[in-house]
Amino acid sequence: MGHRLIAHGLINLSGNYLVIKRSKIKRGIMNVYPEFWDIPGGRVESNELPRAAVVREVKEETNLVVRVKKIIYEDSQFDKGRDLVFTRLVYECKVVQENAVNILLDPEEHTDFYFLSSLGELTEKEKVVPYLKELIPNKGRMMV
């Protein structure tokens, strides 16, 4: 059995959380959680600390430079088909230069971004990765 560590950054800018929409196809294959709203993050590389991975992933996925504040969430799941344990760490992050926010997405990975104060701002048809329900308030919408 193997183990894969994933690190994400929750970015709150002036009371609004940055979410990014995952592409349907990523580099020629079906993406994990295709067309779901998520937050920046990804795999922690060999010999890389999770905090460094968050900074790298946020920069690669959004063009933002962030400072990691603290860990705010952890979960682990076993994928029988791949014989892998996936552990996700989510860190609260602060944008280093809030006055110079310029989001640039890689269309191979993400197709849209949005700053929201609550998951209730998304329409009923919008899909959200499950762990975001634990991290972002949900005023005005029932999640299924």
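Since every read-out is calculated from the coordinates, none of them should be taken as a lab result. What you see is a predicted model, and the numbers here were worked out from it, not measured in a lab. FYI the Cβ positions are ideal-geometry reconstructions off the backbone, even for glycines, and counts take in every protein chain you see.
Taking amide H positions as placed in the peptide plane 1.01 Å from N, state which residues far from Phe113 in sequence (5 or more) or on other chains have amide H under 5 Å from it. Result for Phe113 returns Lys21.
Taking 0.36 nm per residue of separation and subtracting the current Cα-Cα distance, fully stretching the chain between Ala52 and Leu116 would add 20.5 nm.
Taking amide H as placed 1.01 Å from N in the peptide plane, Val128 has its amide H under 5 Å from the amide H of Trp37, each at least 5 places away in sequence or on another chain.
Taking the convex hull of the Cα atoms, report for the chain its projected area averaged over all directions, in nm².
On the way: hull surface 35.9 nm².
Mean shadow area of the hull around the Cα atoms is 9.0 nm².
Only Lys, Arg, Asp and Glu carry charge here, each on its Cβ (+1 for the first two, -1 for the last two); on that basis the stretch 2-134 has a dipole of about 220 debye about its Cα centre. Placing pseudo-labels 7 Å out from each Cα toward the beta carbon at Glu108 and Asn63 gives an inter-label distance of 1.8 nm. Working note: Karplus 6.51/-1.76/1.60 with θ = phi - 60° gives the stretch 89-95 the couplings 10, 10, 10, 6, 10, 10, 5 Hz, where Gly and Pro are set to x.
Annotation for Thr123 and Asn138: the two label points, set 7 Å from Cα along the Cα-Cβ direction, are 2.0 nm apart.
Remark on Tyr91: its backbone amide H falls under 5 Å from those of His8, Gly9, Leu10, Ile72, a criterion applied only to residues 5 or more positions apart or on other chains, H modelled at 1.01 Å from N. Using the average count of surrounding beta-carbon atoms within 10 Å as a protection proxy, the listed peptides 24-30, 111-117 rank, highest first, as 111-117, 24-30. Backbone phi angles across the stretch 102-118, fed through the Karplus curve with coefficients 6.51, -1.76 and 1.60 (θ = phi - 60°), yield HN-Hα couplings of 9, 6, 10, 9, 8, x, 6, 10, 9, 10, 7, 9, 7, 9, 10, 8, 8 Hz in residue order; Gly and Pro are listed as x.
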